[in-house]
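Working notes for the structure below.
The values are calculated or read from the model by the stated rules, or taken from the named source; none is laboratory data. Just so it is clear, the model here is predicted, and its values are computed rather than measured. Neighbour counts run over all protein chains shown; Cβ positions are idealised from the backbone, glycine included. With ligands, DNA and RNA removed, areas are computed over all heavy atoms of the protein, side chains included. Shrake-Rupley method; radii C 1.70, N 1.55, O 1.52, S 1.80 Å.
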Amino acid sequence: MSAATNVNELIATGRDDAPAILAPDRPALSHGGLRRLAADTVAALNRLGIGRNDPVAIVLPNGPEMAAAFVAIAAGATTAPLNPAYRAEEFDFYLGDLDAKALVVERGSQSPAIAVAQARGVPIVELIADPAGPAGAFVLEGAAAGRPATIGGPADADDVALILHTSGTTSRPKMVPLRHRNVCASARNIRVALGLTAADCCLNIMPLFHIHGLIAAVLSSIGAGGSVFCAPGFNALRFFAQLTEAKPTWYTAVPTMHQAILARAERNREAIAATPLRLIRSSSASLPPQVMRALEETFSVPVIESYGMTEAAHQMASNPLPPRPRKPGTVGVAAGPEVAIMEEDGARLLPSGDTGEVVIRGDNVTAGYAANPEANAKAFTDGWFRTGDQGVIDADGYLTITGRLKELINRGGEKISPREVDEVLMDHPAVDQAVTFSMPHDKLGEEVAAVVVLVEGASAGESELRDFVSARLADFKVPRRILFLAEIPKGATGKLQRIGLAQRLGLTA
Ligand code: AMP
């Protein structure tokens, strides 16, 4: 079984004729087919002047082509998948920050990313899929990059396979370069934690511009010699039909998706009975123990809650498979990297039972944010990466996340930097001050809210401000509640404190 340190080794694992990528109403792309696709893609990129460590922005709808493009482009360049729901302004930031050498879109795409790329002089590479061909297979066509050709051929362990951005405490998202050795270590950690083999098939409903879907669903499955059935994203109404068609052995999702699935489970008992799973995995936000229990009862399988993060190429801790115990409300035991608790001032590591900052160390962890020495100085202490999450490890080694030291909003697994939203709100002529914060939500866990102080004499309503934000930021970042106050409430220390603001303002789920 693969101990690959680069994607080219990782995709060498599966049997030639075994399915690798599956999709509704399509023949499978085999592991042999995926290897040929990767070789062809690297050759095509090299012909366009794109080679190892060249960032290639990818804006594709969720589905088999996105999964295949991630693997095949990573085989010889650096992939940078972007959320297709971004607005032009967001694409402009990401394409610039990445210094993208090309933008890959499907032929006929209407994405605003295209005009942005053209304005920036970033060459467009078209992905042409064959709807009747194997799931995910494609060819690339485009104009040469115009810059000197870089090093071609297959990528290696220390090349950057994937760049994703994380919402930081600053308004600008931070760039997280993940090397081949990082993503392959993480795929291996997930494979080991879940006991994945060539017989496993994952139903992917996660977005493929986020670390969870890319690594836990796609790369771990391919590295195990197994397969991934790529749904066109999550749709609670279609989930059970997909289950029946894909006959997967497992799926991985965020808690809000599990809740939506549970809400429809009763009327889909037949589909559930006809598709026995081996396990269900949950990650990216905390899984309420009641949801875990209901899922286990409904599907009669272990529900494995794991703890992941972009900077860790996803998985850090995971509840183990039976016969080892799962502890509801915990994110399980270290599952790959070393996991420890550090005193919040960074002075020392704490013993079990003490609460502090969760820190990690291991071959899945990024070497550091790109071009951001300040963020790196804050993020690494004595070789440990500081997650910004607060937690405690019990005597059996199980980690419980108890809070968050960073300002991010976790909206059902989607992360939002409150400062990014503040900045957009403050650009509105009627807004004097704005503070965005996390508000409890019964289904999503957290939702985006904002307090606004208007310029004296000016007026603006909640919907006007929401439309204003929505023109510049993707929908999930738009505050669902905007409160208008005479001043921004300060915490006991007199300083602005986003954490706990919802509670102080009486906003409850
Ligand atoms: P991302 O980089 O989008 O994967 O987000 C990482 C963050 O999601 C972590 O730092 C945690 O704050 C949160 N997170 C991930 N998994 C869990 C979990 N199982 N329980 C609670 N929070 C989680």
Can you tell me how many residues within segment 393-427 are among the acidic types (D, E), more than 14 Å from the chain's Cα centre (by Cα) and closer than 30 Å to E464 by Cβ? 5
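Residue-by-condition table, conditions (1) more than 14 Å from the ligand (Cβ to nearest atom); (2) in contact with a Lys or Arg (Cβ under 7 Å, 6 or more places away or on another chain); (3) not in a loop (DSSP other than H, G, I, E, B):
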{"position": "G329", "(1), (2), (3)": "no, no, no"}
{"position": "V339", "(1), (2), (3)": "no, no, yes"}
{"position": "P351", "(1), (2), (3)": "yes, no, no"}
{"position": "D354", "(1), (2), (3)": "yes, no, no"}
{"position": "I360", "(1), (2), (3)": "no, no, yes"}
{"position": "G368", "(1), (2), (3)": "yes, no, no"}
Residue ranges of helices (runs of 4 or more DSSP H) in segment 64-152 with at least 3 members under 25 Å from A370 (Cβ atoms), open to solvent by 60 Å² or more (accessible area, probe 1.4 Å) and not aromatic (F, W, Y): 112-120
Can you confirm whether segment 440-451 contains a residue that is surrounded by fewer than 21 Cβ atoms within 10 Å (Cβ to Cβ), modelled with pLDDT of 95 or more and assigned to a loop (DSSP other than H, G, I, E, B)? no
Tell me which residues, restricted to segment 407-419, are within 10 Å of the ligand (Cβ to nearest atom) and open to solvent by 40 Å² or more (accessible area, probe 1.4 Å). E414, K415
With the requirement that a residue be in a helix (DSSP H, G or I) and of a type in the set (F, W, Y), what does segment 223-241 give you? F239, F240
Only one of (1) buried (at least 24 other Cβ atoms within 10 Å of the Cβ); (2) in a loop (DSSP other than H, G, I, E, B) does not apply to G51, and that is (1)
If I ask for residues that are surrounded by fewer than 16 Cβ atoms within 10 Å (Cβ to Cβ) and closer than 30 Å to L208 by Cβ, which ones from segment 329-358 would you list? G329, E338
Exclusive hit being touching an Asp or Glu at 6+ places or on another chain (Cβ under 9 Å) and not hydrophobic (A, V, I, L, M, F, W, C), set P276, P302, P288: P302
Could you please find all residues in segment 165-215 being within 17 Å of A72 (Cα to Cα), open to solvent by less than 30 Å² (accessible area, probe 1.4 Å) and within 12 Å of the ligand (Cβ to nearest atom)? L178, I211, G213, L214, I215
